[in-house]
C-alpha cells in the first residue's frame, strides 16, 4: 500500500513540476528575438546630408535595422540606450513601430548615432555639410531656374497659360550626377530609374494643373544624395 502511495505521490509531483514548467517558463521566443543578430545595411552606416538654408529647420532620415537573413525589423522595446554623440547635429527617436528616426538640423558637423539590441551595439555616422546647388543649369524653354535651387531644394513656378513645346535642359554642377528623375506634364509622364547623367534634354508641353520635375542628384565624393523638385502650377 505504501509502495503504491509513494508511486502515486511521485507521479503527481512529477506532473506538478512539468505543469509548473509549462505555465511559468520564461518566454524563450521573446528573449531569443531580443538576442538575435541585427544589422544596419551598409548604406545606413555612413551617411552625408546637406543643411539647405531655405528648407525646413529640421528633417529626418529613417534608419533601417533588420534581423540577419530577413527583412524583419526589431520591436521598439528591443532597442535600448539610443543616443547621439552630438545632439546639436542629429538626434534619434524611436516611434511606436520600432523605426528609428534621426532628425538633423541646420548645423554642419558629424554625429554618431548608437543603440543596443540585446548585447549588440549598432552605430550610424551622420555627416551634415554646407549645401551648394547641384545644378549649373535648369532651363524650361527660355527660363533658367538654376538660381532658385541655390538655397532651396524646391521651386514653385506659377503660370496661367499652357507652356507649349518647352525644351527641358538640365546640367549638373561639377562633381554631381543626375541619379534619377521623374517628370509629369499634363497626361504624360517620363521617368529614369537609375543613371549617372551630367546632362538631360527633352521637349515637352506643360498643360496640367500640377506638373512637376523631380530630380535626385548624386555627389560622388561624399556619396550623398539630394532630391530637387520643380513644381509647375497652373493658376
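The values are calculated or read from the model by the stated rules, or taken from the named source; none is laboratory data. Computed from a predicted model, the values in this text were never measured in an experiment. Note that we place each Cβ from the backbone using ideal geometry, even for glycine, and neighbour counts take in every protein chain shown.
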Assess whether residue 212 counts as being in contact with a strand residue (DSSP E or B) (Cβ under 9 Å, 6 or more places away or on another chain) and under 23 Å from residue 56 (Cβ atoms).
yes
Hits in segment 129-140 (condition: touching a strand residue (DSSP E or B) at 6+ places or on another chain (Cβ under 6 Å) and at pLDDT below 95)
129, 131
Close pairs (7 angstrom Cβ cut-off, 6 or more residues apart or separate chains): free of Cβ contacts under 8 Å to residues at least 40 places away in the same chain and assigned by TED's automatic domain parsing to the domain that holds residue 186 in segment 217-235, surrounded by 14 or more Cβ atoms within 10 Å (Cβ to Cβ) and assigned to a strand (DSSP E or B) anywhere
none
Just the residues that are assigned to a strand (DSSP E or B) and touching a residue at least 40 places away in the same chain (Cβ under 8 Å), please, taken from segment 82-120.
101, 102, 103, 104, 105, 113, 117, 120
Has segment 155-167 got any residue that is surrounded by 16 or more Cβ atoms within 10 Å (Cβ to Cβ), farther than 27 Å from residue 57 by Cβ and touching a helix residue (DSSP H, G or I) at 6+ places or on another chain (Cβ under 7 Å)?
no
Of these, 98, 21, which one is within 15 Å of the chain's Cα centre (by Cα) and modelled with pLDDT under 90?
98
Complete set of residues in segment 142-166 that are assigned to a loop (DSSP other than H, G, I, E, B) and either modelled with pLDDT of 95 or more or closer than 25 Å to residue 90 by Cβ (or both)
145, 150, 151, 152, 153
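So that you can scan it fast, the table gives a plain yes or no per residue for (1) more than 17 Å from residue 153 (Cβ to Cβ); (2) modelled with pLDDT of 95 or more; (3) in a strand (DSSP E or B); (4) under 26 Å from the mean Cα position of the chain (by Cα):
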{"residue": "174", "(1), (2), (3), (4)": "yes, yes, no, yes"}
{"residue": "180", "(1), (2), (3), (4)": "no, yes, yes, yes"}
{"residue": "200", "(1), (2), (3), (4)": "yes, yes, yes, no"}
{"residue": "213", "(1), (2), (3), (4)": "no, yes, yes, yes"}
{"residue": "216", "(1), (2), (3), (4)": "no, yes, yes, yes"}
